[in-house]
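This report concerns only the one structure given below.
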Number of protein chains: 2
Amino acid sequence: MTAHAYSEAETAALWRTLRERRDMRHFLPDPLPEGALERLVTAAHLAPSVGFMQPWRFLRITDSTLRAELHRGVEAERLATAAALPARNADFLQVKIEGIRECAELLVAVLMPEREKHLIGRRTLPEMDVASLGCAIQNMWLAARAEGIGLGWVSFFDPEAVAALLHLPPDAKPLAILCIGQVEAFYPRPMFEDAGWGKRLPLAGILFENRWPEGVGGTPTAYE
Amino acid sequence: MTAHAYSEAETAALWRTLRERRDMRHFLPDPLPEGALERLVTAAHLAPSVGFMQPWRFLRITDSTLRAELHRGVEAERLATAAALPARNADFLQVKIEGIRECAELLVAVLMPEREKHLIGRRTLPEMDVASLGCAIQNMWLAARAEGIGLGWVSFFDPEAVAALLHLPPDAKPLAILCIGQVEAFYPRPMFEDAGWGKRLPLAGILFENRWPEGVGGTPTAYE
């Protein structure tokens, strides 16, 4: 215990959220509760960002033609991915990877334009903007779980095509199509784990001391 | 309210954590509570990752020479950044950006090697590995806050130099030096905000509808 620790009940609530958050792809047709979308964006906006640059922008998709076009692009990329995994093509095609047409709300998360002006903490690591957007979406994911709302991060798309669809400035970049909605049930485990596409590594496989252990590679894939 | 919503108290605990988490740079000399480091890595490991690739690896730095060398590199990059911000050079140098020498525990977060084998959700967006690591560190940050432990993400370093120091495989990449330790107090606001380097954007500045609003740029910087 430290002087600034939260109560046991508060800490348990956080850990429950960390453990029960899932990437969701099945949604009920019901709308979100009143104010939920604004709360989720507020949670994202509480994230840390490198040099306080706040690189995250969210486009709420309310135009059904736009939603259909986003879905069409994701479906094309899903098939292109399957073609790139010949050893497990059919298995991959059985995994549901998105709920774009069913979810109550669809957001596209975008890295803002003019990021190159922001140098603090990015001079040698420009990808810190992506990391900051990751932190923001994780906040949103956790806030959604506490409200009983499912969120799925879809990254199967051609960023240039999505940028054109949404009229993004040339130096902005879409990084996530976020499917958000009520769900029948949260998956007990990640879908790719459940479907035998990978195992959660033991802690000893991700925590080392002082230097990289010789001969150790990355996480194995299920499709080599 | 949805059928799967947490209790009001649980939701409030999550929001307290989201609001009170800070990027910390001042640390007390006290060690972490028993088991805390393992809990923080466990929290990180509960994060989502694209295609379940789990790209995150953490190197715990227990060698004081290595810690000193990491600090030297960060200090050099801090000065290089100041030189790149001539209009606010002196102001920038007054902001404390890291607590590498004082913090109880120092971790380097690394993107694993052999990431190019992982295609699912990354064929067109290879930077999804960085986004996944961002999610993991955000989980760790929140778990630390609930325990009353401060965490600071330092990205002022030359990734190649740090990779060499830690004997990383050629295709692994360090993305964060994480300073972790007990603190006297958590900052009420982000340090860069407090020091007048930026303002938190209003929600209307980060949430748009269907398309990018014409003429809107990125977050202003304080040093143009």
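Structure data summary
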| item | result |
| --- | --- |
| Of all residues in the range B:77-97 being in contact (Cβ under 8 Å) with a residue 24 or more places away in the chain and within 21 Å of the chain's Cα centre (by Cα), the one that is nearest to A:Met140 (Cα to Cα) | B:Ile97 |
| Meets criteria (of a type outside the set (D, E, K, R), crowded, with 18+ Cβ neighbours inside 10 Å, more than 7 Å from chain A (Cβ to nearest Cβ) and not in a loop (DSSP other than H, G, I, E, B)) for B:Leu37 | yes |
| Meets criteria (without any contact (Cβ under 8 Å) to a residue 60 or more places away in the chain, at positive phi and of a type in the set (Gly, Ala, Ser)) for B:Gly121 | no |
| The range A:200-213: number of residues that are facing chain B (nearest Cβ under 8 Å) and either out of contact with any strand residue (DSSP E or B) (no Cβ under 9 Å at 6 or more places or on another chain) or closer than 30 Å to A:Ser64 by Cα (or both) | 3 |
| B:Leu18 being part of a helix (DSSP H, G or I), touching a residue at least 24 places away in the same chain (Cβ under 8 Å), more than 8 Å from chain A (Cβ to nearest Cβ) and over 18 Å from B:Pro174 (Cα atoms) | no |
| Failed criterion for B:Ala222 (all others in (1) modelled with pLDDT under 95; (2) small (Gly, Ala, Ser); (3) surrounded by 20 or more Cβ atoms within 10 Å (Cβ to Cβ) hold) | (3) |
| Filter result for the condition that a residue is more than 10 Å from chain A (Cβ to nearest Cβ) and not small (Gly, Ala, Ser), over B:Leu46, B:Leu70, B:Leu119, B:Leu107 | B:Leu70 |
| Residue within the range A:78-100 that is within 30 Å of B:Ile97 (Cα to Cα) and either surrounded by fewer than 19 Cβ atoms within 10 Å (Cβ to Cβ) or in contact with a strand residue (DSSP E or B) (Cβ under 7 Å, 6 or more places away or on another chain) (or both) present | no |
| Checklist (1) more than 10 Å from chain A (Cβ to nearest Cβ); (2) within 23 Å of B:Phe27 (Cβ to Cβ); (3) not in a loop (DSSP other than H, G, I, E, B); (4) not acidic (Asp, Glu) applied to B:Ala87, failing item | (2) |
| All positions within the range B:138-153 that are more than 7 Å from every other protein chain (Cβ to nearest Cβ) and either on the phi > 0 side of the Ramachandran plot or touching a Gly at 6+ places or on another chain (Cβ under 8 Å) (or both) | B:Ala144, B:Gly150, B:Gly152 |
| Among residues of the range B:172-199, those that are surrounded by 15 or more Cβ atoms within 10 Å (Cβ to Cβ) and either more than 7 Å from chain A (Cβ to nearest Cβ) or in contact with a strand residue (DSSP E or B) (Cβ under 6 Å, 6 or more places away or on another chain) (or both), counted | 14 |
| Output for the range A:21-34, where each listed residue is at the interface with chain B (Cβ under 7 Å from one of its Cβ atoms) and within 20 Å of A:Cys135 (Cβ to Cβ) | A:Asp23 |
| Residue within the range A:101-109 that is within 26 Å of B:Leu119 (Cα to Cα) and not hydrophobic (A, V, I, L, M, F, W, C) present | yes |
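Listed here are the residues, each with its yes/no results for (1) surrounded by 22 or more Cβ atoms within 10 Å (Cβ to Cβ); (2) farther than 19 Å from B:Pro220 by Cα; (3) modelled with pLDDT of 95 or more; (4) polar (S, T, N, Q).
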position: A:Leu66; (1), (2), (3), (4): no, yes, yes, no
position: A:Glu105; (1), (2), (3), (4): no, yes, yes, no
position: A:Arg115; (1), (2), (3), (4): no, no, yes, no
position: A:Ala131; (1), (2), (3), (4): yes, yes, yes, no
position: A:Gly148; (1), (2), (3), (4): no, yes, yes, no
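The values are calculated or read from the model by the stated rules, or taken from the named source; none is laboratory data. Predicted model only: the values in this text are computed from it and were never measured. Glycine gets a Cβ as well: all are built from the backbone with ideal geometry, and neighbour counts include every protein chain shown.
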